[in-house]
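**Student:** The structure follows.
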Amino acid sequence: MTTGRRDLLTSTAEIALRYLETAGERPVAREVSLERLVEELGGPLPAAPTDPAEVIDLLDRGADPGLVVTSAGHYFGFVEGGVLPAALAADWLASAWDQNPAFFALSPAAAAVEEVCRGWLCELLGLPETASAGFTTGAQMANFTGLAVGLRRVLAAAGWDVDSDGLFGAPEVTVVVGEQRHATVDRALRLLGLGSRHLVAVPTDDQGRMRASALHDVLGGGPTLVCAQAGNVNTGAFDPLREICELAHERHAWVHVDGAFGLWAAASPSSRHLVDGVELADSWATDAHKWLNVPYDCGIVLCAHPDSHRAAMTLSASYLARSGSRDGADWTPESSRRARALPVWAALRGLGRTGVSDLVERSCAQARRFAEILSGVDGVTVLNEVVLNQVLVRVGDDDERTRAVAAAVQSGGAIWLGTTVWRGEVALRISVCDHATDDAAVTVAAEEVLRAVHAC
Ligand SMILES: *Cc1c(COP(=O)(O)O)cnc(C)c1O
């Protein structure tokens, strides 16, 4: 007899709870090869059905050695973010309800949740209250969307209809980026047909901030996109957004801000100054799956020009009943997709303004504490100004030793952090954006790093 739905979902919830309740004691990551996991999870395609409870059991056991514990407070690699319980629960409902936010008719509920989140996000992030919002897979696609809207708009202003004529014979578009932009900006521009050779990379200072004076020199009068950054992925530093927006708008350029995690600085009074002037930009990209601590995936694109946003993204077909209401497909390059705003709604509804502000402030305070502990140690140097949640650390004056420390920390399994190359030097890269990272977690993490420093 096959396991019924109620028993299956109840036992699956138990598996999830067992994982969550023991995640803090598990190795953060284990050394395991793809081949071993594939062997465990693979084999020939089954010829016949399997009981669903057995399927979930096989998945649990097969995936287990390859799970990376990013949400128990001990993960400092990349820029990951943990998971708020309310957001996780809402994510479960998004699957159980199986809602498709592409069109209002497909899910009035998902449309309403997206509209509510749009308003809350504008308020929280200090953006114009009428800005439009689309819920994407991540900041990668949010960058793509914002830049696509901008490209269409600056070409339209030059009398060019990119929708019908594409880029063939179009007026040349100047694309201005910072030297320290995120790699997803390059990919977004590549996919938009703008190539990499034509990008104008503005020099940055020692923290990776675009030099506004240098921006001044490269802005011409023609169609121009300027891609600014709120939160450098290494240092956490911010481009001078007010100056960039003012200079760019004098020349009628479109300003897109990549603020995958940095945009959240706006949510806390103690870091809001970092994004001064951000509301002047034309489009913004951010993530909910990083600092807002919702489960993967959710990025958000916001735009100060809703008509342009919708016109650039919309699609039509005779069988698509349009409501004149909110249709999610108008705001992202996707059609059918997951109702990924549901966990965003739950996170924002649960935390409220002070909750989000506290989350941001706590991460920044933990990053500063981590930096303070390490900078007190002989031979260890903190390379960046810790203005947000990112810390760069060099051990000795030695690339190899710094790499060895990272490897030793990783194989210890108690915490995880990665490396980067900052201004030609290898550094440990520490990111704090999990709500579960508390004083104790940072104390343990700093001890792990110090143990590795002494051992290497
Ligand atoms: C993480 C990040 C991105 C890409 O975001 P995804 O969520 O991985 O798509 C873009 N820009 C910056 C600054 C980031 O930190």
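**Student:** Please name all residue pairs, on different chains or six or more residues apart, with Cβ atoms under 9 Å, provided the first residue is in the stretch 190-201 and is closer than 12 Å to residue 174 by Cα and the second residue is of a type in the set (Asp, Glu) and open to solvent by 30 Å² or more (accessible area, probe 1.4 Å).
**Tutor:** Matching pairs, first to second residue: 196/186; 198/172; 199/186; 201/179.
**Student:** Still on this structure, I have one more. Among the residues that make up the stretch 182-190, is at least one of them part of a helix (DSSP H, G or I), more than 18 Å from residue 305 (Cα to Cα), at pLDDT 95 or above and among the small types (Gly, Ala, Ser)?
**Tutor:** Yes - at least one qualifying residue is present in the stretch 182-190.
**Student:** Under the condition of being more than 23 Å from the chain's Cα centre (by Cα) and aliphatic (A, V, I, L, M), which residue from the stretch 200-226 is surrounded by the most Cβ atoms within 10 Å (Cβ to Cβ)?
**Tutor:** Filtering the stretch 200-226 for residues that are more than 23 Å from the chain's Cα centre (by Cα) and aliphatic (A, V, I, L, M), the one surrounded by the most Cβ atoms within 10 Å (Cβ to Cβ) comes out as 202.
**Student:** For the stretch 296-323, name all the residues that are surrounded by fewer than 21 Cβ atoms within 10 Å (Cβ to Cβ) and under 17 Å from the mean Cα position of the chain (by Cα).
**Tutor:** 296, 297
**Student:** I would also like to ask the following. Can you pull out the residues in the stretch 358-388 that are open to solvent by 10 Å² or more (accessible area, probe 1.4 Å), touching a Ser or Thr at 6+ places or on another chain (Cβ under 6 Å) and under 24 Å from residue 267 (Cα atoms)?
**Tutor:** 361, 366, 384
**Student:** Out of the stretch 147-162, which residues are in contact with a helix residue (DSSP H, G or I) (Cβ under 7 Å, 6 or more places away or on another chain) and either not in a helix (DSSP H, G or I) or not hydrophobic (A, V, I, L, M, F, W, C) (or both)?
**Tutor:** 152, 153
**Student:** State the number of residues belonging to the stretch 214-266 that are within 24 Å of residue 123 (Cβ to Cβ), within 16 Å of the ligand (Cβ to nearest atom) and not in a loop (DSSP other than H, G, I, E, B).
**Tutor:** Qualifying residue count, the stretch 214-266: 15.
**Student:** Also, I was wondering about something else. Within the stretch 102-134, track down each residue that is surrounded by 17 or more Cβ atoms within 10 Å (Cβ to Cβ) and more than 27 Å from residue 262 (Cα to Cα).
**Tutor:** 102, 103, 104, 106, 107
**Student:** If you go through the stretch 66-100 one residue at a time, how many are of a type in the set (A, V, I, L, M), assigned to a helix (DSSP H, G or I) and over 24 Å from residue 262 (Cα atoms)?
**Tutor:** Number satisfying all stated conditions: 5.
**Student:** Another question, if that's okay. Would you pick out the residues in the stretch 1-48 that are in contact (Cβ under 8 Å) with a residue 40 or more places away in the chain and assigned to a loop (DSSP other than H, G, I, E, B)?
**Tutor:** Of everything in the stretch 1-48, those that are in contact (Cβ under 8 Å) with a residue 40 or more places away in the chain and assigned to a loop (DSSP other than H, G, I, E, B) turn out to be 2, 3, 26, 27, 28, 29, 30, 31.
The values are calculated or read from the model by the stated rules, or taken from the named source; none is laboratory data. Everything quoted here is computed from the prediction, not taken from an experiment. Don't worry about glycine lacking a Cβ; one is built from the backbone with ideal geometry, like all the others, and counts go over all protein chains shown. Ligands, DNA and RNA are excluded from the accessible area calculation, which covers all protein heavy atoms including side chains. Shrake-Rupley method; radii C 1.70, N 1.55, O 1.52, S 1.80 Å.
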